[in-house]
């Protein structure tokens with residue numbers, strides 16, 4: 001076979017590291033944004049809030065794809081970081097709604113004085129910053145302690161599940177300070193802007209779309225860089241990476257903290273658009289659903305994470321409206337089909353199909369070139 005005609009899957013020479021194709025990425029992000037940006041002008045406010053929620057979930061999915069698809073860290077408790085980011089923003093919104101005074105649910109629970117750790121959230125800007133920083137710092141501490149102790153694989157997955165269980169139990173128990181099972185709601189303004197107004201909701205939707213596009217571009221640049229190649233090497237063989245002089249724990253801690261920060265960012269945008277946060281957003285079942293979004297869309301693809309998050313949540317919403325009694329069976333059947341028959345997900349399976357078709361064409365072209373020689 002002519003080496004110059006060899007398909008990528010059959011080439012013996014390892015591929016070179018390419019520079020990040022910024023122009024192509026920007027064009028792709030623009031292509032994704034075209035059907036999204038006009039949405040506020042074409043859909044009702046209720047549907048717009050749903051679409052905004054889907055965009056927030058897509059940001060979480062990108063973070064999970066970074067740690068699971070590219071680094072091999074399966075976290076089953078990522079809803080915790082999403083919830084913490086949402087609660088940080090909710091605390092700021094509550095204090096703005098009450099003019100810096102104690103929220104009503106605290107008085108109903110017998111709390112007499114606003115807790116000291118609530119007072120800094122009187123600044124909305126600080127609330128936005130803390131929604132990202134708190135999950136990032138906490139995840140960095142957990143990741144460093146875990147990965148330094150070489151807690152990996154299924155053991156880290158169990159640890160993350162335990163984290164979700166502890167977090168949900170803690171937040172439910174804080175009836176007087178965090179709203180308990182009911183969570184927090186009835187948010188009115190942000191910097192004096194009415195959160196229920198159509199114009200503000202449109203703006204929040206566009207901000208969410210911009211945040212998703214920026215997250216995708218940043219994640220694509222990261223995985224295309226040398227750092228991203230090391231993450232994939234850690235996924236494929238952590239001990240080999242360690243023997244070459246790199247510290248896998250540092251890389252895993254960084255990407256895990258980054259993923260938690262993205263989840264906190266998504267939680268903050270979620271609260272602004274949905275207007276509600278409860279501990280159910282942090283429980284194990286919701287965290288497992290986040291992993292399934294990436295599994296269905298396709299691991300280590302980034303676009304698959306976005307596609308999976310949007311399609312799964314849109315499908316859940318549509319089926320629950322049409323078949324309220326049995327819609328969960330449809331979703332469960334879809335998950336089983338993808339796990340058993342399409343383990344690479346939508347985007348991964350499509351890429352594999354294209355690779356096989358391309359390889360078959362190259363083989364046919366090579367055989368047609370060699371046929372005259374055999375005839376001679």
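Residue selection: residue 165 fails the criterion of being in contact with a helix residue (DSSP H, G or I) (Cβ under 9 Å, 6 or more places away or on another chain), free of Cβ contacts under 8 Å to residues at least 12 places away in the same chain and assigned to a helix (DSSP H, G or I). Here the range 86-99 is the region considered, the condition is being surrounded by 13 or more Cβ atoms within 10 Å (Cβ to Cβ) and more than 28 Å from the chain's Cα centre (by Cα), and the residue that is farthest from residue 261 (Cα to Cα) is 98. Of the residues 114, 74, 95, 125, the single one that is in a loop (DSSP other than H, G, I, E, B) and over 30 Å from residue 285 (Cα atoms) is 114. Take the conditions buried (at least 18 other Cβ atoms within 10 Å of the Cβ), touching a residue at least 12 places away in the same chain (Cβ under 8 Å) and either touching a helix residue (DSSP H, G or I) at 6+ places or on another chain (Cβ under 7 Å) or more than 30 Å from residue 43 (Cβ to Cβ) (or both) and apply them to residue 137. Does it pass? Taking the combined requirement at face value, the residue does not satisfy it.
Only one of the numbered conditions (1) surrounded by fewer than 19 Cβ atoms within 10 Å (Cβ to Cβ); (2) under 30 Å from residue 256 (Cβ atoms) is violated by residue 109, and that is (2).
Pick from 54, 46: which is within 21 Å of the chain's Cα centre (by Cα) and either more than 29 Å from residue 135 (Cβ to Cβ) or modelled with pLDDT under 95 (or both)?
Details: 46 fails: within 21 Å of the chain's Cα centre (by Cα).
From the options 54, 46, the qualifying one is 54.
Taking the condition under 20 Å from residue 212 (Cα atoms) and either without any contact (Cβ under 8 Å) to a residue 40 or more places away in the chain or buried (at least 20 other Cβ atoms within 10 Å of the Cβ) (or both), does residue 327 pass? Give the derivation first.
Working: under 20 Å from residue 212 (Cα atoms): no; either without any contact (Cβ under 8 Å) to a residue 40 or more places away in the chain or buried (at least 20 other Cβ atoms within 10 Å of the Cβ) (or both): yes.
No.
Can you name the helices (runs of 4 or more DSSP H) wholly within the range 212-296 that have at least 3 residues being at negative phi and within 15 Å of the chain's Cα centre (by Cα)?
Per the criteria, 248-274.
Take residue 264 and tell me if it is out of contact with any strand residue (DSSP E or B) (no Cβ under 8 Å at 6 or more places or on another chain), touching a residue at least 40 places away in the same chain (Cβ under 8 Å) and closer than 18 Å to residue 211 by Cα. When the stated conditions are applied, residue 264 passes them. Beta carbons closer than 8 Å, at least 6 apart along the sequence or on distinct chains, pair a first residue in the range 110-121 that is in contact (Cβ under 8 Å) with a residue 60 or more places away in the chain with a second that is in a loop (DSSP other than H, G, I, E, B) and surrounded by 13 or more Cβ atoms within 10 Å (Cβ to Cβ) for 111/102.
The values are calculated or read from the model by the stated rules, or taken from the named source; none is laboratory data. Owing to the predicted nature of the structure, the values given are computational and were not obtained by experimental measurement. As a convention, Cβ positions derive from the backbone with ideal geometry for all residues, glycine included, and neighbour counts pool all protein chains shown.
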